[in-house]
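Novice: Dropping the structure in here first, questions after.
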Amino acid sequence: MIRLRLVAATLAFAALAAFGTLPARAQYAGEFSPAKLVKQGTTTTPWAGPGLVVLQVEVFPNGSFHVVKVIRTTNKGDVAAALEIAKTSTYSPAHRGNKPIQAFYDYTLKFGKSVVRSGGQIADTALAHIDLLIHAGNYTDAKQAAGSYLRAHPGNGLALQYLGISNFFLSDYAAAANAFDKVATIAAPFRDAAAQSYAAVSVQQAVIDPKESLIYAEKAYVIDPSPDSLYALGVAQFGMKQYAQSIASLQKARGTLWAKKSTPTATKVAIDSHLLQAYLQTGDTTNSNAMLAELKTLDPKGNAGAQFVAAYYLKQGVADAKAAKTVDALAALDKAAAAGDPKMAEIAYTQAAFVIIQTKSPDYSRAKSYAKKALAIDPNDPEALFASGIGQAGIGEVYHRGDLIDKAKATLKKALALAKTEKNAPLALQIQKFLKQLGG
């Protein structure tokens with residue numbers, strides 16, 4: 001009769017609930033805006049003829065620049081003219097938020113009868129249209145256009161990144177991650193979205209598929225070792241039972257986020273909740289108690305910390321009971337009940353009653369006492385009523401008290417009715433079998 005389903009559900013909730021608390025995603029061309037050409041330069045150098053030249057220009061925060069190299073060209077005779085144009089052009093630096101930063105600008109020049117600049121790497125008008133859709137916030141149409149383009153041009157890196165960022169803004173993180181996975185090198189404007197997509201998928205998969213969760217978390221961290229990525233990495237490591245590594249990742253994320261006044265309380269609660277669970281798994285009661293206290297401060301009306309502590313000791317109690325370690329099982333279940341969450345306490349008390357009932361020489365009075373504590377929380381818990389009825393019947397048989405047997409039958413009939421109402425067929429069958437043994 002040891003109940004596992006709510007323990008498992010609680011642990012699953014711990015990881016999935018955290019996903020909703022990831023810091024807000026960056027805005028495309030808002031969190032990171034690339035370097036731009038302000039004014040195209042001129043050339044006195046003749047070019048050989050039609051062709052395309054792509055140059056890499058390093059633009060510094062103050063607007064100064066350095067032409068680094070020729071990335072590719074379709075006509076070597078056009079390179080000298082392209083270099084002169086690049087060196088006489090003016091540029092604006094890339095920005096991270098409002099801060100100018102050093103970044104590279106890919107300068108594409110097409111030579112024909114005249115020189116035509118193509119912004120960045122978007123020489124294809126269809127791709128340029130997708131870019132405009134994304135900047136306009138029309139992510140659904142951008143996604144459809146990127147998909148159509150990829151059917152005609154399979155594996156195109158820029159189209160895949162447009163598909164990824166469209167899915168990202170549509171909150172389809174799995175589809176976004178799938179698109180970014182197919183890109184050899186993710187360009188700077190898309191890296192934040194790719195990292196956060198990987199982090200989101202990692203947290204979603206932490207309970208379902210810990211190995212895949214860790215793979216995505218590591219990808220996120222390689223692209224952007226931000227608190228988001230560290231949080232996902234810590235959650236994934238916890239799922240893989242790498243508790244020491246999980247603690248290290250979560251502590252690092254915590255240190256960065258706690259230094260920012262803008263960090264939402266929900267984010268702090270998510271990180272502390274996972275740290276609490278990891279500390280419990282390593283037996284670090286000092287730090288687990290500290291996390292529990294902080295959670296109570298951060299979220300006075302919530303009881304997430306108490307649920308996690310209770311879930312840990314419930315799981316431990318179940319394991320000890322299966323190993324026939326009755327004393328240890330009851331001690332763990334008492335700790336679960338004392339954690340502070342009423343529902344978890346009710347479950348712990350009920351499980352404790354059944355641990356006693358399943359021993360070779362049951363102490364029915366003690367079992368009934370535990371069941372009574374559970375029923376004080378919820379008088380209509382069919383499992384607690386079942387345990388109470390067994391306790392009453394056991395005491396009645398020991399002392400040859402027919403009145404107690406009758407009370408047990410009444411309690412068990414109530415438990416049976418509630419089990420049927422809840423459509424808990426296995427429990428109802430067990431109660432019926434026990435009633436038959438009592439002649440009820």
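Novice: Over segment 119-277, one equal point on each Cα, no solvent: what is log10 I(q)/I(0) by the Debye formula at q = 0.15, 0.20 Å⁻¹?
Specialist: With no solvent term, the Cα-only Debye profile gives -0.79, -1.12.
Novice: While we're on this one: Return a single number: how many Lys pairs in segment 35-119, at a sequence separation of 8 or more or on separate chains, have alpha-carbon atoms below 22 angstrom apart.
Specialist: Close lysine pairs found across segment 35-119: 16.
Novice: Hey, quick one: spin label on Lys420, modelled 7 Å out along Cα-Cβ, who in segment 370-404 has an amide N within reach, i.e. under 20 Å?
Specialist: 380-390
Novice: Further, regarding this structure: Within a 10 angstrom radius of the beta carbon, how do Thr73, Thr282 rank from fewest other beta carbons to most?
Specialist: The order, fewest Cβ neighbours first, is Thr282, Thr73.
Novice: Still on this structure: Bin width 5 Å, origin at 0, all Cα-Cα pairs of segment 176-242: what percent of pairs per bin?
Specialist: All Cα pairs, binned at 5 Å, distribute as 4, 23, 32, 22, 12, 5, 1 percent.
Novice: Please list log₁₀ I(q)/I(0) at q = 0.14, 0.15, 0.16 Å⁻¹ for segment 270-330, using the Debye equation with identical point scatterers on the alpha-carbon positions.
Specialist: Taken in order of the listed q values, log10 I(q)/I(0) reads -0.42, -0.47, -0.52.
Novice: What is the spread of the Cα atoms of segment 361-440 along each of their three principal axes, largest first, in whole Å?
Specialist: Projected onto the principal axes, the Cα atoms of segment 361-440 cover 35, 28, 22 Å.
Novice: How much of the DSSP beta bridge set in the chain is antiparallel, as a percent to the nearest 5?
Specialist: Details: 28 of 29 bridges.
Looking only at bridges with both residues in the chain, the antiparallel portion is about 95 percent.
Novice: If I model the chain as equal point scatterers sitting on the Cα atoms and use the Debye formula, what is log10 I(q)/I(0) at q = 0.09, 0.10 Å⁻¹?
Specialist: For the requested q values the scattering log ratios are -0.73, -0.82.
Novice: Using θ = phi - 60° and the Karplus relation 6.51 cos²θ - 1.76 cosθ + 1.60, list the HN-Hα couplings for segment 383-390 in order, rounded to whole Hz, with x at every Gly or Pro.
Specialist: 6, 5, 5, 4, 4, 5, x, 5
Novice: Three principal axis extents, largest first, for the C-alpha atoms of segment 35-119, in Å?
Specialist: Largest to smallest, the principal-axis extents are 41, 21, 17 Å.
Novice: Post the alpha-carbon centroid distance, segment 52-81 to segment 251-303, in whole angstrom.
Specialist: Distance between centres, Cα-based: 49 Å.
Novice: Moving to a separate point now. Whole-Hz Karplus ³J(HN,Hα) for segment 147-160, in order, using 6.51 cos²θ - 1.76 cosθ + 1.60 and θ = phi - 60°, x for Gly and Pro?
Specialist: Result, rounded to whole Hz: x, 5, 4, 5, 5, 8, 10, x, x, 5, x, 5, 5, 4.
Novice: Which value, in debye to the nearest 20, gives the size of the charge dipole of the chain about its Cα centre, when Lys and Arg are +1 and Asp and Glu are -1 at the Cβ?
Specialist: With Lys and Arg at +1 and Asp and Glu at -1, about 420 debye.
Novice: So for the pair Lys76, Lys325, with labels modelled 7 Å out along Cα→Cβ, what separation do we get in nm?
Specialist: Going from the Lys76 label point to the Lys325 one covers 7.5 nm.
Novice: For segment 319-376, count all C-alpha to C-alpha pairs, find those more than 17 Å apart, and express that count as a whole percent of the total.
Specialist: Across segment 319-376, Cα pairs with separations above 17 Å total 30 percent.
Novice: Give me the Kirkwood hydrodynamic radius of segment 210-362, using the inverse of the mean 1/r over all pairs of distinct Cα atoms, in Å to one decimal.
Specialist: The Cα-based Kirkwood calculation yields 16.6 Å.
Novice: Okay, moving on. How big is segment 87-212 by Rg and Dmax over its Cα atoms, in Å?
Specialist: When restricted to Cα atoms, segment 87-212 yields Rg and Dmax of 16.6, 61 Å.
Novice: To the nearest 10 degrees, how steeply does helix 188-205 sit against the main Cα axis of the chain, on a 0 to 90 scale?
Specialist: So the helix axis and the longest Cα principal axis differ by about 10 degrees.
Novice: Taking the Cβ of each residue in Thr263, Thr285 as the centre, tally the other Cβ atoms inside 10 Å and list the residues starting with the fewest.
Specialist: Thr285, Thr263
Novice: In addition: May I ask you to derive the relative contact order of the chain, considering only C-alpha pairs under 8 Å and at least 6 residues apart, and to give it as an integer percent?
Specialist: Numbers: 757 pairs, mean separation 43.8, N = 440.
The normalised contact order for the chain reaches 10 percent.
Values quoted throughout were computed directly from the atomic coordinates according to the rules given, and no laboratory measurement underlies them. Computed from a predicted structure; not experimentally measured. Don't worry about glycine lacking a Cβ; one is built from the backbone with ideal geometry, like all the others, and counts go over all protein chains shown.
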